[in-house]
Amino acid sequence: MDMFVDVLIVGTGAAGLYSALNLSDNLNILLITKDLVDKCNTSLAQGGISVARDKKDYELFVQDTLKAGKFKNCVAAVKTLVYESIDNINEVIDFGAKFDKEDGNFKYTKEGAHSINRIVHNKDETGKELFLSLLKALKNKKNVRIFEKTTLIDIIINNNICCGGIVIKGEERINIYSKETILATGGIGGLFKNSTSRRSLTGDGIAIALRHKIKTSDLDYVQFHPTALYDNKVNCEKFLISESLRGEGAKLINENGKRFVNELLPRDIVARAVYDEEEKSSKPYVYLDISFKNKKYIINRFPGIYKKCLESGIDITKQKIPVTPVQHYHMGGVAVDLNSCTSMENLFACGEVSCTGVHGANRLASNSLLEALVFSRRASKFINKSMDKITLLNYEDIKGMKVFKNHNVINKNIVINEFKKMGDGIRNELVNY
């Protein structure tokens, strides 16, 4: 079966939905997702979205991001992220997103490596709020369709020009020809034994890029979050205990009840400290304690975490939470410029699958959703301006073109093989290493 659209978007997280919302209404747009539409990491995000408090905060926000990233960041990308943060938060509010306020003003919170409180949030379910508001707004666009349970297995290429994608929907193979294609396929968490990511996110976009020699960058920059809820299961999705708890005062303590690290240092430093503490102790976890806070405050501020921990037999208003680091985020990915353009013409990458250079070697807390918003909107604006210059190739010219033939190859193995070349800290955590 063959389909023809103006823009094919692969992924229905924040980057995919927001890019669709910012594309012109006269374009024929198709979004596809390999699972159900809500099975994305965006809907799991707890802590919030970073945003400059005002123009006076620009430089400090830039420096916080660079410092957390070990100064391996692309400075131009960081400045773009920070300078456009306020506009994007205002736009998602216009689309219906709601953030916690006090006396009519944002109730900003603070997380690790931020100098000041600059994170907007909706209790501890910010990602879910963002996802649902963007999805609701998208349903009002008559020029947009969404296909669930539809897996991209390869892209269609002609002379280093992306002309769409080859997908599997049920038992049917569909060639989707498009003028522009946006990869918003998410991260690599499903490749790891333990991750906070959806298990279906297995680096598909990166695999396709590697196969076709599309430029990638910083693939070895993998972030482990210091505080996931500990359990003794393996090869599964772990429940994140948001950094916002530490931002609101929660303490990390060892089995002797003593603090061992400044909880608001960058994530890589805190995760390393937790690993070191676990090696010294008799337990494969440490504790995160917020029980000294007011019970009503804890339940109101962190209802999702409170409920999930209670299901595991832990009342966080009275008990310490056992936590351990797990894979959480990938700073590397498909290399893009400030408009999310890849090294292949008419192919874009947004969100975690991309490498904008914003995060450097270690992502600053709550910059991921902001990056997805800022750079997917830039991609859409670029497409809106350039679409009139693009002509969909004649079907007769491309229907017989050579495409990747072994469609049964598992994309994740391509990425796993790439990651096996890296250090033990990454390699030993892979699913089939």
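Looking at R246, R259, just one residue is of a type in the set (K, R) and closer than 22 Å to T196 by Cα, and that residue is R246.
The set of residues from region 76-92 being surrounded by 17 or more Cβ atoms within 10 Å (Cβ to Cβ), outside any loop (DSSP other than H, G, I, E, B) and not basic (K, R) comprises A77, V78, T80, L81, V82, S85, N88, I89, V92.
If only one of K318, K283 is touching an Asp or Glu at 6+ places or on another chain (Cβ under 8 Å), open to solvent by 20 Å² or more (accessible area, probe 1.4 Å) and not in a helix (DSSP H, G or I), which one is it? So that I can check it myself, show each step before the final result.
On the way: K318 fails: touching an Asp or Glu at 6+ places or on another chain (Cβ under 8 Å).
So the residue among K318, K283 that is touching an Asp or Glu at 6+ places or on another chain (Cβ under 8 Å), open to solvent by 20 Å² or more (accessible area, probe 1.4 Å) and not in a helix (DSSP H, G or I) is K283.
The single condition from (1) open to solvent by less than 50 Å² (accessible area, probe 1.4 Å); (2) without any contact (Cβ under 8 Å) to a residue 60 or more places away in the chain that L60 fails is (1).
Within the set D38, D25, the sole residue that is touching a Phe, Trp or Tyr at 6+ places or on another chain (Cβ under 7 Å) and assigned to a loop (DSSP other than H, G, I, E, B) turns out to be D38. Only one residue in E129, E148, E125 is within 26 Å of I269 (Cα to Cα), within 22 Å of the chain's Cα centre (by Cα) and of a type in the set (D, E). Which one? Within the list E129, E148, E125, the selection yields E125.
Of the residues making up region 7-22, those that are surrounded by fewer than 24 Cβ atoms within 10 Å (Cβ to Cβ) and of a type in the set (A, V, I, L, M, F, W, C) number 1. Of L152, L135, all but one fail to be of a type in the set (A, V, I, L, M) and not in a strand (DSSP E or B); the exception is L135.
Select from region 335-375 the residues that are among the aliphatic types (A, V, I, L, M) and either open to solvent by 20 Å² or more (accessible area, probe 1.4 Å) or closer than 20 Å to G189 by Cα (or both) and list them in ascending order. Lay out the reasoning, then the answer.
Looking only at region 335-375, we keep the residues that are among the aliphatic types (A, V, I, L, M), and these are 335-336, 338, 344, 347, 349, 353, 358, 361, 364-365, 369-370, 372-374.
Correct list: A335, V336, L338, A349, V353, V358, A361, L364, A365, L369, L370, A372.
Select, from L392, L364, the only residue that is at pLDDT below 95 and assigned to a loop (DSSP other than H, G, I, E, B).
Details: L364 fails: at pLDDT below 95.
Answer to the check: L392.
Considering only residues in region 93-141 that are of a type in the set (S, T, Y) and more than 25 Å from I32 (Cα to Cα), the one that is surrounded by the most Cβ atoms within 10 Å (Cβ to Cβ) turns out to be T109. Only one of the listed residues (D231, D220) is of a type in the set (D, E), more than 17 Å from R267 (Cβ to Cβ) and either open to solvent by 20 Å² or more (accessible area, probe 1.4 Å) or in contact with a Cys (Cβ under 6 Å, 6 or more places away or on another chain) (or both). That residue is D231.
Taking the conditions (1) among the small types (G, A, S); (2) over 27 Å from D388 (Cα atoms); (3) in contact (Cβ under 8 Å) with a residue 12 or more places away in the chain; (4) surrounded by fewer than 24 Cβ atoms within 10 Å (Cβ to Cβ) in turn, G313 satisfies each one other than (3).
Going by the structure shown, is P303 open to solvent by less than 50 Å² (accessible area, probe 1.4 Å) and over 25 Å from M422 (Cβ atoms)? Here the answer is yes, as P303 does meet what is asked.
Only one residue in L288, L265 is part of a loop (DSSP other than H, G, I, E, B) and either out of contact with any Lys or Arg (no Cβ under 6 Å at 6 or more places or on another chain) or among the charged types (D, E, K, R) (or both), so which one is that? If you could, list the steps in order and put the result at the bottom.
Numbers: L288 fails: part of a loop (DSSP other than H, G, I, E, B).
Of L288, L265, the one residue that is part of a loop (DSSP other than H, G, I, E, B) and either out of contact with any Lys or Arg (no Cβ under 6 Å at 6 or more places or on another chain) or among the charged types (D, E, K, R) (or both) is L265.
Filter region 142-162 for residues that are within 14 Å of L31 (Cα to Cα), open to solvent by 20 Å² or more (accessible area, probe 1.4 Å) and not aliphatic (A, V, I, L, M) and give the result. Within region 142-162, K142, N143, R145, F147, E148, K149, T151 qualify.
The values are calculated or read from the model by the stated rules, or taken from the named source; none is laboratory data. This structure is a prediction, so every number in the text was calculated from the model and none was measured. All Cβ positions, even for glycine, are placed from backbone atoms using ideal geometry, and neighbour counts span all protein chains on display. What goes into the accessible areas is simple: the full protein's heavy atoms, side chains included, and nothing from ligands, DNA or RNA. Shrake-Rupley method; radii C 1.70, N 1.55, O 1.52, S 1.80 Å.
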